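Heads up: the structure comes next, in structure tokens.
The values are calculated or read from the model by the stated rules, or taken from the named source; none is laboratory data. Since this is a predicted model, take the numbers as computed values, not measurements. Because the Cβ atoms are built from the backbone with ideal geometry, glycine has one as well, and the counts that use them run over all protein chains shown. Keep in mind that these areas ignore ligands, DNA and RNA; they rest on the heavy atoms of the full protein, side chains included. Shrake-Rupley method; radii C 1.70, N 1.55, O 1.52, S 1.80 Å.
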Amino acid sequence: MNKILKKVISVLAASSLFAAPMQAAITVKGSDTMVIMAQRWAELYMSENTSAKIQVTGGGSGTGISALINGTTDICNASRPIKPTEREKLKERYGTLGVEIKVARDGLAVYVHESSPIQELTLAQIKDIYTGKISNWKQVGGPDEKIIVYGRENNSGTYVYFKDFVLKGEDYMAGMLSMPGTAAVVNAVSKDAKAIGYGGAAYAKGIRLIKVKKDEKSQGYEPTAENVKAGKYPITRFLYLYVKNRPTGELKQFIDWILSDKGQSIVTKVGYFPIR
Amino acid sequence: MKIQKFTAGTLIVLASAMGFAQTAEDSVHQNKVKQFEEELGSLKGQVEGLNESYLETKNTVDKLAKIKVSGLAQVQAVYAFDTAQQNSGNSLQQGKFEVRRGRLKVAYDNGKFGTYVMQFQFNEGGARTNDMYANFIDPWINTIGLQAGIQDIPFGYEIGHSSSSMETMERSLFERSIFKDEKDNGFLITVNPPKGLASQFNLKAGLFNHNGSSAENDDNKALIGRAGFKVPLYDLGLSIDGGFSFLYGRSQSRKDTVYNMDVDSSKVISRGNLAKNLKKSLIGADIQLYYDIVGLGGAILRAEMGMGDWVTNNGDNHLYSGSGYAYLRNVFGYYVTYVQNIGNDFQTVVRYESFDPNTHLEGKDISGKKFASKEDMARTQIGGGVNYFLNESVRLSLYYDHPINEKVPALSSKNLAKNFSKDVDDDVVTFRFQYKF
């Protein structure tokens, strides 16, 4: 019996020798909404910490969380909260629940072409447009023209958040044109007078952001800094970082820096809203 | 005067020439504009064509994306000390290479319209159906599901989790012995609230043939289920999960004689049991603690137990039932496993487990005859090992198992591999290569 215990202990001890975590670079993967902000963070942090190496890629929140689970990224950027099923996978593989860090707030904007006469919509109208119950601009006070609906692909956190929050979990209409990034949605809407799209306010250049009303009786608000901070704009969300374990070392330093005044100033510069 | 006329004439000619040139230039411009418009129209047509083609392709890709193919191969080298008799079933083998599991799973996930899953398992012995079920979750509150077909037995924690994610080489002695194939054929109702406090609770219960993944062989069914909970404490990096399981069913005796495995071996036989339905019932409990140790990695402490009255009938589980007779036993088993992740790539595991297939018989009571043989010995097992995750697909494992059998004086033998009057030297070391996709 003692021999067996010694064998087991020696195997465990040997494994520990291999396990010193030495990481050449911090990898960051996930939300396309956050990719520009994350790149700016990485650039500024590396300029201040010359020994640090940070690699940032997009791909969508779902892709980032999958990468976190399969061990191919250190940090996941996500524009939606992690799902219970994804947490279960982290628990199964790493024995951890994952750590959620809120790093910014975002007002999810709804865009129309700049020539569109539509100035504001209620949440219910937006939901009906995206679920296909409203298909003509005439039904919401616009011209008698078919609405061309643009959205994101289903690996996107923006897609999931919009579906959960605005569509109340209902499915998107079958004819929605799915675009690979918010910039692609903006580009498409800017070239189509009959189009509607959604995405981060940070990308909203060259098109018009409509005012969104909680309901018919409410006042409409644009996703400006003041309205998002004051909680007046109805479609706001947090932007997150996820890591597998409670961070230590270089990873912790980088995350602490993101939450510092310097890191949060980048949030403002790219058009989002700081967490504090 | 002549000069004036000449000048005027020249100017007229020049003006006419310039006008002609202008007209010609305009004409060229108009032609170019026309040409550009034609080219633009052609390009627009091409873009629209490409867009239509993209939408058609996307439609096809979206449909194909609903089909998910996954699989795994577990190939291992096993070395058994002295003899592998208890583990391999072949007393002459000490070392071998084997395909422990080869699996191919195809799932068609049609979102709110349900999921269909089929999985086949392969090894040197051939292939068998591992899963073949369809499930559907209610579209209204997204909480209640129905799953029908060959599926995991909903008892305890281990069975419901893929062997590819297990930290140990095998499931516990209790579950391997009691649940044939770890699969059953039937209808299962699941309750999984997606949001709020209710999402911390879940329930699954169903009616099954209780004959593994084989076809039904009697009219008796088993009611099996588990009520689970999760208490996530995110700020502490801690989660406490667990559940309570039950199984209630019956098994029909095919013969007049039933072996009632009691202490007094002179009364083990009861007669007049032909076609009689014999009760079997189990209860179980399981708990899992997950804790993130800062600077080291996630730790998992997992424990599970099961106990109750059990019938072994015509080979419907892995306990002895010789010649098709029904054997009645009271069983008890448990395990405690500790897993420590070290960084991202290493994982160490230690397990202690025990299984007594007949709590009414101690070693001294086992006679070695057919109604009380080595299959009634209690076993404990200590095991430990290391898993190395080379990448998202490849895992290498080294694992050591030390089984300890109950001492049975009646099962004394000169053959050390069969001398159960003492602990048989049947330790096993396994090196496993796992590839999954």
Take the alpha carbon atoms of the protein assembly as shown, find their radius of gyration, then divide it by 2.2 N^0.38 Å using N residues; give the quotient.
-> 1.29
Whole-Hz ³J(HN,Hα) from phi, Karplus 6.51 cos²θ - 1.76 cosθ + 1.60, for the range A:95-112, glycine and proline x | x, 10, 8, x, 10, 9, 10, 7, 10, 6, 10, 9, x, 7, 8, 10, 9, 10
Check: chain B dipole with +1 on Lys, Arg Cβ and -1 on Asp, Glu Cβ, in debye = 620 debye
For chain B, what does -39500 (n - 2.57) per DSSP helix run (n ≥ 4), summed and divided by total residues, give at 222 nm, in deg cm²/dmol to the nearest 500?
-> -6000 deg cm²/dmol
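By per-residue mean of other Cβ atoms within 10 Å, what is the highest-first order of B:388-401, B:153-166?
On the way: B:388-401: 16.9, B:153-166: 19.9.
For the peptides B:388-401, B:153-166, the packing ranking is B:153-166, B:388-401.
Could you calculate the FRET efficiency of B:Asn142 with B:Glu52 from 1/(1 + (r/R0)^6), where r is the beta carbon distance between them and R0 is 51 Å, rounded to 0.05?
Working: r = 35 Å, r/R0 = 0.68.
Step by step, r from the Cβ atoms, then E = 0.90.
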Name the shape class, rounded, prolate or oblate, that the alpha-carbon gyration tensor gives for the range B:137-236, where a ≥ b ≥ c are the square roots of its eigenvalues, rounded holds for a/c under 1.5, and otherwise prolate holds if a/b is larger than b/c and oblate otherwise.
-> oblate
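Quick one: which of B:340-347, B:238-245, B:29-36, A:26-33 comes out on top by average Cβ neighbours within 10 Å, and what's the full order, highest first? Mind showing how you got there, number by number?
Numbers: B:340-347: 21.4, B:238-245: 19.2, B:29-36: 10.0, A:26-33: 26.8.
Sorting B:340-347, B:238-245, B:29-36, A:26-33 by mean packing, highest first, produces A:26-33, B:340-347, B:238-245, B:29-36.
Lys and Arg at +1, Asp and Glu at -1: add these up for the other residues within a Cβ distance under 14 Å of B:Val33 and post the number.
Working: positive: B:Lys32, B:Lys34; negative: B:Glu25, B:Asp26, B:Glu37, B:Glu38, B:Glu39.
Net charge in that neighbourhood comes out at -3.
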Positive-pole candidate from A:Val140, A:Gly206, A:Leu259, dipole of chain A, charges at beta carbon | A:Leu259
How much net charge surrounds A:Tyr130 when only the other residues with a Cβ under 14 Å from the Cβ of A:Tyr130 are counted, with Lys and Arg +1 and Asp and Glu -1?
-> +1
Spatial separation of Cα centroids for the range A:87-138 and the range B:326-373, in angstrom = 51 Å
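Express the relative contact order of the range A:36-195 as a whole percentage, based on alpha carbon pairs under 8 Å and six or more residues apart in sequence. Intermediate values should be presented prior to the final figure.
Numbers: 173 pairs, mean separation 35.3, N = 160.
Across the range A:36-195, relative contact order equals 22 percent.
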Using the beta-carbon distance between B:Glu216 and B:Val191 and R0 = 45 Å, what value does 1/(1 + (r/R0)^6) give for FRET efficiency, to the nearest 0.05?
-> 0.95
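Could you work out the relative contact order of chain A? I mean the mean sequence separation of Cα pairs under 8 Å and 6+ apart, divided by the number of residues, in percent.
Details: 523 pairs, mean separation 70.3, N = 276.
Relative contact order of chain A: 25 percent.
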Could you check which residue among B:Val294, B:Val28, B:Val117 shows the biggest mean-square fluctuation in a GNM of chain B with a 10 Å Cα cutoff?
-> B:Val28
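For each pair in A:Lys194/A:Lys217; A:Lys163/A:Lys262; B:Lys68/B:Lys96; A:Lys168/B:Lys195, compute the distance between the two Cα atoms and list the pairs where it is over 23 Å. Intermediate values should be presented prior to the final figure.
On the way: A:Lys194/A:Lys217 26 Å; A:Lys163/A:Lys262 33 Å; B:Lys68/B:Lys96 34 Å; A:Lys168/B:Lys195 13 Å.
Distance filter (> 23 Å) returns A:Lys194/A:Lys217; A:Lys163/A:Lys262; B:Lys68/B:Lys96.
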May I ask you to give the solvent-accessible area per residue for the protein assembly as shown, in square angstrom, as obtained with a 1.4 angstrom probe?
-> 49 Å²
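Per residue of A:91-104, count partner chain C-beta atoms within 10 Å of its C-beta, then hand back the mean as an integer.
Taking the mean over all residues of the peptide, I get 6.
Rounded to the nearest angstrom and ordered from largest down, what semi-axes does the equivalent ellipsoid of chain B get from its C-alpha gyration tensor (root of 5λ)? Spell out each step's value before the answer.
Details: eigenvalues 1048, 134, 89 Å².
Each semi-axis is √(5λ); the values are 72, 26, 21 Å.
Counting only other chains, and only Cβ atoms inside 10 Å, what mean value do you get across the residues of B:190-196? All intermediate terms of the calculation are to be shown ahead of the outcome.
On the way: counts 0, 0, 2, 0, 4, 3, 0.
Mean partner shielding for this stretch: 1.
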Distant-in-sequence amide H partners of B:Ile404 (H built 1.01 Å from N, under 5 Å) | B:Thr380, B:Gln381, B:Ile382
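Using a probe radius of 1.4 Å on protein heavy atoms only, what is the accessible area buried between chains A and B, both sides summed, to the nearest 100 Å²?
Numbers: alone 13880 and 23840 Å², together 34600 Å².
About 3100 Å² of accessible surface is lost on pairing.
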Tilt, helix B:2-64 to longest principal axis of chain B (alpha-carbon atoms), in degrees rounded to tens, equals 10 degrees
Short version: ³J(HN,Hα) in whole Hz for each residue of the range A:215-224, in order, from phi by Karplus 6.51 cos²θ - 1.76 cosθ + 1.60 (θ = phi - 60°), x for Gly and Pro, what are they?
-> 8, 4, 7, 7, 7, x, 10, 8, x, 7
Once the piece of chain linking A:Leu259 and A:Lys217 is laid out straight, how much longer is it, given 0.36 nm per residue of separation minus the C-alpha distance between them?
-> 11.3 nm
Rounded, prolate or oblate: which fits the range A:107-236 when a ≥ b ≥ c are the square roots of the eigenvalues of the alpha-carbon gyration tensor, with rounded for a/c under 1.5 and prolate only if a/b beats b/c?
-> rounded
Quick one: if you stick a label point 7 Å off each Cα along the C-beta vector at B:Lys96 and A:Thr50, how many nm between them?
-> 6.3 nm
Taking springs between alpha-carbon atoms closer than 10 angstrom, which of B:Asn51, B:Asn220, B:Asn202 fluctuates most in the Gaussian network model of chain B?
-> B:Asn51
Quick one: with all protein chains in place, what share of the accessible area of the range B:378-428 is carbon or sulfur, to the nearest percent (1.4 Å probe)?
-> 57 percent
So for the range B:35-159, Kirkwood radius off the Cα pairs, Stokes-Einstein at 25 °C and 0.890 mPa s: how many µm² s⁻¹?
-> 125 µm²/s
Choice from B:Ala148, B:Ala198, B:Ala417 showing the highest fluctuation, given a GNM over chain B with Cα pairs closer than 10 Å = B:Ala198
Just from its helices, what would the mean residue ellipticity at 222 nm be for chain A, if runs of 4 or more DSSP H residues each count -39500 (n - 2.57) and the sum is divided by every residue, rounded to the nearest 500 deg cm²/dmol?
-> -11000 deg cm²/dmol
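Pop the C-beta distance of A:Lys102 and B:Thr257 into the FRET formula with R0 = 51 Å and round what comes out to the nearest 0.05. Mind dumping the intermediate values first?
Working: r = 69 Å, r/R0 = 1.35.
After rounding, the FRET efficiency stands at 0.15.
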Averaging sequence separations of C-alpha pairs under 8 Å and six or more residues apart, then dividing by the length of chain B, give the relative contact order as a whole percent.
-> 12 percent
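State the extension gain, in nm to one decimal, for the chain segment bounded by B:Leu238 and B:Leu274, taking 0.36 nm per residue of separation less the distance between their alpha-carbons.
On the way: separation 36, 0.36 × 36 = 12.96 nm, distance 5.33 nm.
Extra length from B:Leu238 to B:Leu274 when fully extended: 7.6 nm.
Using a 1.4 Å probe and counting only protein heavy atoms, arrange A:Thr248, B:Thr348 so the residue with the most accessible area comes first.
Numbers: A:Thr248 60, B:Thr348 15 Å².
Putting A:Thr248, B:Thr348 in descending order of accessible area: A:Thr248, B:Thr348.
Across peptide B:295-308, what mean number of C-beta atoms from other chains lies inside 10 Å of a residue's C-beta? If you can, show how the numbers build up before the last one.
Values: counts 6, 5, 7, 11, 2, 5, 1, 1, 0, 0, 0, 0, 0, 0.
Mean partner-chain Cβ count within 10 Å for B:295-308: 3.
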